[in-house]
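Q: Pasting a structure below so you can have a look.
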Number of protein chains: 2
Amino acid sequence: MSETKVLLDYGSGGRASQRLVSELFVRNFDNPELNRLNDAARIELSGPLAMSTDSFTVDPIFFPGGDIGSLSVHGTVNDVAMLGAEPKYLTCGFIIEEGLPMADLERIVVSMAAAARHAGVEIVTGDTKVVPKGAVDKIFINTTGIGSIIADPAPSADRARPGDALLISGTLGDHGLTVLSQREGLEFEVPVKSDSAALNHLLLKLVRAIPDIHVLRDPTRGGLATTINEITEKSGCGCLIEEALLPITDPVRSGCSFLGLDPLYLANEGKFLCILPEEYAQQALDIMHADELGHDACRIGGMTEDNPGKTVLQTPLGGKRLMNMLEGEQLPRIC
Amino acid sequence: MSETKVLLDYGSGGRASQRLVSELFVRNFDNPELNRLNDAARIELSGPLAMSTDSFTVDPIFFPGGDIGSLSVHGTVNDVAMLGAEPKYLTCGFIIEEGLPMADLERIVVSMAAAARHAGVEIVTGDTKVVPKGAVDKIFINTTGIGSIIADPAPSADRARPGDALLISGTLGDHGLTVLSQREGLEFEVPVKSDSAALNHLLLKLVRAIPDIHVLRDPTRGGLATTINEITEKSGCGCLIEEALLPITDPVRSGCSFLGLDPLYLANEGKFLCILPEEYAQQALDIMHADELGHDACRIGGMTEDNPGKTVLQTPLGGKRLMNMLEGEQLPRIC
């Protein structure tokens with residue numbers, strides 16, 4: 001695009017919008033259905049289908065390990081995949097503040113396109129609104145994804161059962177701490193980096209190999225503590241987590257300690273919880289360890305008949321305490 | 001909800017978010033899949049599908065004839081239906097400014113629920129972000145819709161052919177003029193009202209009865225002039241419109257004249273263009289006239305071999321002038 005800033009005209013629906021769409025979006029997202037530019041995309045999929053939507057308002061829009069563009073692809077791809085589905089198509093809705101540097105928008109779009117290619121999904125239709133300065137902070141992106149459900153029965157939070165193993169695919173708290181430290185202008189000795197990633201390829205390997213995974217969930221906003229509490233509440237199981245087993249990197253641990261944050265409540269954008277019958281736990285871990293997104297996967301606990309609906313954390317010294325859902329708001333605009 | 005304002009906590013993903021979702025969204029949108037509250041919804045659909053997304057940033061959020069909630073349902077339902085499809089499921093993503101009166105949010109959600117019921121679609125999954133005061137103006141809503149394509153072949157802008165009749169389902173400019181006059185605090189002698197409506201039931205009657213509708217399009221942002229130019233550019237046809245046949249109400253005509261606006265460039269949110277072989281034109285008009293959303297439907301012109309890619313307006317006195325696509329931005333935040 002020749003202009004250096006995004007103008008209101010680009011959201012008019014008229015000639016300028018058309019130019020933005022063809023020179024930026026079509027060029028980068030390039031696929032036959034998007035290129036047709038109808039009001040709706042025509043897609044070929046047969047049911048049952050998984051469909052998920054997310055709006056991304058992360059601040060700052062660029063951060064170590066990603067940006068609002070790649071995050072908006074990863075987040076929705078992951079939510080679709082958590083239903084044991086293969087994500088295929090995304091829609092995207094941009095809400096852009098008048099005056100956003102065109103270079104920022106281009107960088108975001110290029111990053112989205114790369115993330116979509118890597119995840120194996122196509123961005124088939126979209127919408128762009130440009131609003132006057134001050135009506136939105138820089139840029140917000142909504143993505144909605146759809147894909148065919150492969151797992152039968154599909155994983156669901158209410159399917160956790162006492163005796164199930166609880167696995168996590170990697171380290172906790174990286175995304176949340178990274179975004180917060182960037183926003184506050186903090187630098188740590190060992191830099192932290194968002195874990196933002198598309199988990200669908202790894203998840204597909206799991207659901208194809210293992211016949212009955214009970215729950216898959218990504219611990220995003222509200223972190224591990226909130227996600228696991230949703231699962232215990234919906235399934236009626238209890239959950240016992242061994243604190244000593246929780247994988248947290250040293251930089252995240254010390255950054256959290258410095259800022260008074262609990263990594264169990266921090267958002268992750270490239271991790272998932274997997275709850276499944278104990279007999280399949282080792283097989284699942286082997287599959288995860290063979291994938292670069294599951295190197296640090298481990299068992300962190302299991303589902304119990306005791307304490308139905310509650311999550312109990314067992315400390316390294318043998319004490320036990322309740323781990324509650326996030327109560328207030330720790331970090332707005334984290335994703 | 002007991003609070004009078006939307007707090008940041010409601011977007012945390014934690015306990016407060018859960019309360020907002022269950023007490024407001026689930027209660028109003030109520031359907032088995034939404035109520036399951038997984039990261040993704042499971043839906044049953046097959047065959048060629050139409051999928052469309054739109055973000056709504058309209059200012060003001062309440063206006064005569066609708067609000068941002070009903071508009072966000074109608075807009076996406078209509079876009080899906082324009083592909084000759086039956087819209088079935090919607091997702092919705094709310095981005096809410098901290099401090100929005102809870103009564104406003106409730107009014108919007110109730111209005112969305114009523115619009116969805118009336119259109120016969122279910123809101124099966126959603127996402128809520130609350131951002132700090134000043135990061136967004138009140139509330140923006142994204143909806144994404146999906147449905148099965150009924151028409152075969154499906155209508156598409158590039159399928160217009162010379163000799164086709166050009167029909168419009170009703171009067172032009174009502175939505176655009178209404179929103180603008182509200183925003184500017186203008187009152188006209190005869191009040192104007194948005195035409196925001198779900199067109200899917202009427203469109204379905206048309207695609208079921210008439211074997212080969214070439215193009216269906218709703219003239220939203222950029223108005224009739226922009227939409228018809230997209231069609232002539234994609235199809236390579238010319239288009240001749242008779243100005244005297246354009247249905248515009250007297251209040252819209254005089255409001256536009258007062259404000260120096262051209263109703264052909266104003267957004268409509270409950271109208272569609274229908275381009276089809278001449279032999280079916282009367283049948284299509286009869287179907288439209290029998291529906292309350294098509295009372296004022298009429299033929300406004302036809303597609304031509306002359307002037308390929310251009311739209312020509314024939315004035316009542318017999319003169320002809322080119323009708324171009326919207327060039328700049330007439331009205332930001334109109335939808």
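The values are calculated or read from the model by the stated rules, or taken from the named source; none is laboratory data. Keep in mind it's a predicted model, so treat the numbers as computed, not measured. Virtual Cβ from ideal backbone geometry, glycine too; neighbours counted across all protein chains shown. Side chains included, ligands, DNA and RNA excluded: accessible areas come from the protein's heavy atoms. Shrake-Rupley method; radii C 1.70, N 1.55, O 1.52, S 1.80 Å.
Q: Semi-axes of the equivalent ellipsoid for the stretch B:103-168, please: Cα gyration tensor eigenvalues, times 5, square-rooted, ordered largest first, whole Å.
A: So the equivalent ellipsoid measures 36, 17, 13 Å along its semi-axes.
Q: Express the carbon and sulfur contribution to the solvent-accessible surface of the stretch A:190-335 as a percent, rounded to the nearest whole number, probe 1.4 angstrom.
A: 50 percent
Q: Hey, any idea what Rg/Rh is for the stretch A:184-305, computing Rh the Kirkwood way over Cα pairs?
A: Rg divided by Rh gives 0.97.
Q: Also, I was wondering about something else. Just check the stretch A:46-123 against the gyration tensor rule for me: Cα atoms, a ≥ b ≥ c as the square roots of the eigenvalues, rounded for a/c under 1.5, and otherwise prolate or oblate depending on whether a/b exceeds b/c.
A: It comes out prolate by the Cα gyration axes.
Q: Moving on. In Å and on Cα atoms, what radius of gyration and Dmax does chain A show?
A: 20.6, 67
Q: Quote to one decimal, in nm, the extra length available between B:SER22 and B:LEU245 on full extension: 0.36 nm per residue of separation minus the C-alpha distance between them.
A: 75.3 nm
Q: If you roll a 1.4 Å probe over the heavy atoms of the protein chains, what accessible area per residue do you get for the stretch A:250-328, in Å²?
A: For the stretch A:250-328, the per-residue accessible area is 49 Å².
Q: Under the rule of -39500 (n - 2.57) per DSSP H run of 4 or more residues, summed and divided by the residues of chain B, what mean residue ellipticity at 222 nm is obtained, to the nearest 500 deg cm²/dmol?
A: -8500 deg cm²/dmol
Q: Quickly work out the B:ASP212-to-B:ARG161 label distance, labels modelled 7 Å from Cα along the C-beta direction, and quote it in nm with one decimal.
A: Between B:ARG161 and B:ASP212, the label points sit 0.4 nm apart.
Q: Output the 0 to 90 degree angle, nearest 10, between the alpha-carbon long axis of helix B:174-183 and the longest principal axis computed from the alpha carbons of chain B.
A: So the inclination is approximately 50 degrees.
Q: To continue, here is another question. Regarding the stretch A:192-241, what's the average projected area of the Cα-atom convex hull, expressed in nm²?
A: With the hull built on Cα positions only, its mean projection is 4.9 nm².
Q: Among A:LYS129/B:LYS310; A:LYS129/B:LYS5; A:LYS138/A:LYS310, which pairs are too far apart, with a Cα-Cα distance over 32 Å?
A: A:LYS138/A:LYS310
Q: Let me ask something else about it. In 5 Å bins starting at zero, report the fraction of Cα pairs in the stretch A:8-149 per bin as a rounded %.
A: Pair shares across the bins are 2, 10, 20, 24, 21, 13, 7, 3, 0.
Q: What are the trypsin sites (Lys or Arg not before Pro) within the stretch B:75-177 that DSSP puts in a loop, where the Cβ has at most 15 other Cβ atoms within 10 Å?
A: Answer by residue number: B:LYS133.
Q: When averaged across all projection directions, what area in nm² does the alpha-carbon convex hull of the protein assembly as shown cover?
A: That works out to 28.5 nm², a quarter of the Cα hull's surface.
Q: Going by a ≥ b ≥ c, the root eigenvalues of the Cα gyration tensor, does the stretch A:1-69 fall in the rounded group (a/c under 1.5), the prolate group (a/b larger than b/c) or the oblate group?
A: Here the stretch A:1-69 falls in the oblate category.
Q: Within the stretch A:254-296, list the GluC sites (Glu not before Pro) lying in a DSSP loop whose Cβ has at most 16 other Cβ atoms in a 10 Å radius.
A: Passing both the DSSP loop test and the Cβ count: A:GLU292.
Q: Tell me the per residue accessible area of the stretch A:1-159 using a 1.4 Å probe; a whole number in Å² is fine.
A: Result: 30 Å² per residue.
Q: I've got another one for you. B plus A alone minus the pair: what accessible area, both sides summed, probe 1.4 Å, in Å² to 100?
A: 6100 Å²
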